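Report on one structure; see the data block that follows.
The values are calculated or read from the model by the stated rules, or taken from the named source; none is laboratory data. Nothing here was measured: the structure is a model prediction, and the numbers come from that model. Please note: Cβ atoms are built from the backbone with ideal geometry, for glycine as well, and neighbour counts cover all protein chains shown.
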Amino acid sequence: MAVTLQDLAKFLINPLLPAFVFLLLLLLSKKHCRKGVFLFMLYLYLAAAPATSKLVMAQWRVADTVTNDKRYEAVAVLGGVADFDWYLRHGSMPAGEMFRYIEGYQHFGDSVDRLLMGAAVVKKGQAAKILVSDVVCKGVSETELVLAFLQGQGIEQNRIAVHGRVINTLGEAGSIKSYCEQHGIGRLLLITSASHMRRAAALFKKQGLAPDLLSVSRYPAVLEWDDYIPSAQGIDATKNMLYELVGYLSYRVRGDL
């Protein structure tokens with residue numbers, strides 16, 4: 001299976017990785033101190049409790065600046081909505097077997113809310129055009145899936161624009177800037193996930209763009225009792241949190257923000 005830099009980054013920031021390293025050091029240590037065991041248990045609890053990522057990301061998110069009565073010349077939907085691994089897992093199956101019961105099916109991942117909101121904004125008439133990225137990952141063309149989905153939603157082809165081939169959010173910001181300059185677009189709406197918006201907005205600002213912001217997947221920060229119980233979902237949420245925090249920091253260090 002193809003491995004991307006994004007896959008490698010997600011592996012390295014897996015919160016279980018330092019936990020196992022720390023546990024190994026404890027096992028190899030000649031003297032097993034209670035303090036070390038306590039710190040290990042504390043780290044593991046914080047990494048696995050959903051409350052951790054909920055509290056952190058509630059502070060990390062930025063406010064929406066979208067105006068309901070404003071008409072935008074374009075809405076930019078950031079990429080990363082396809083479930084590439086799903087297509088790789090099913091790639092060896094004949095198309096007739098994959099889609100035996102339904103035709104025109106597109107399989108998307110956890111970030112599909114970006115695309116759904118972008119389509120809704122255009123269909124509502126709040127934006128004249130939707131901008132999508134030319135994304136190919138692991139041999140799968142996300143762009144083809146997105147275009148098929150948007151056209152299936154009844155959005156006319158002349159209201160959909162593919163602005164350029166990109167591999168990350170930095171590339172998207174630069175490509176969208178070029179497209180807006182070439183087509184005289186000033187009123188731009190940016191849609192992405194709430195956890196990703198701080199990084200995306202900063203990258204767009206660095207490029208000289210000032211789009212209005214509309215975040216999706218913005219979940220309430222209200223904690224419930226089960227948020228304090230360690231779970232696999234908590235580990236996954238912590239990994240996603242670290243991915244955003246480390247991604248933002250790396251762009252900052254490189255001077256891209």
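Could you check residue 238 against (1) crowded, with 18+ Cβ neighbours inside 10 Å; (2) under 20 Å from residue 115 (Cα atoms) and say which number it fails?
(2) is the only condition that residue 238 fails.
Can you tell me which residues in region 162-192 are among the polar types (S, T, N, Q) and at pLDDT 95 or above?
Answer for region 162-192, where residues must be among the polar types (S, T, N, Q) and at pLDDT 95 or above: 175, 178, 182, 192.
I'm checking my understanding of the structure. Among residues of region 29-79 that are of a type in the set (Gly, Ala, Ser) and without any contact (Cβ under 8 Å) to a residue 60 or more places away in the chain, which one is surrounded by the most Cβ atoms within 10 Å (Cβ to Cβ)?
36
Which one of these is closer than 26 Å to residue 257 by Cα, of a type in the set (Ser, Thr, Tyr) and under 19 Å from the mean Cα position of the chain (by Cα): 141, 175?
175
Among the listed residues 175, 193, 250, identify the single one that is free of Cβ contacts under 8 Å to residues at least 60 places away in the same chain and in contact with a Gly (Cβ under 9 Å, 6 or more places away or on another chain).
175
Checking the condition under 22 Å from residue 53 (Cα atoms), modelled with pLDDT under 95, more than 15 Å from the chain's Cα centre (by Cα) and assigned to a helix (DSSP H, G or I), which residue from 245, 249 passes?
Sole residue among the options that is under 22 Å from residue 53 (Cα atoms), modelled with pLDDT under 95, more than 15 Å from the chain's Cα centre (by Cα) and assigned to a helix (DSSP H, G or I): 249.
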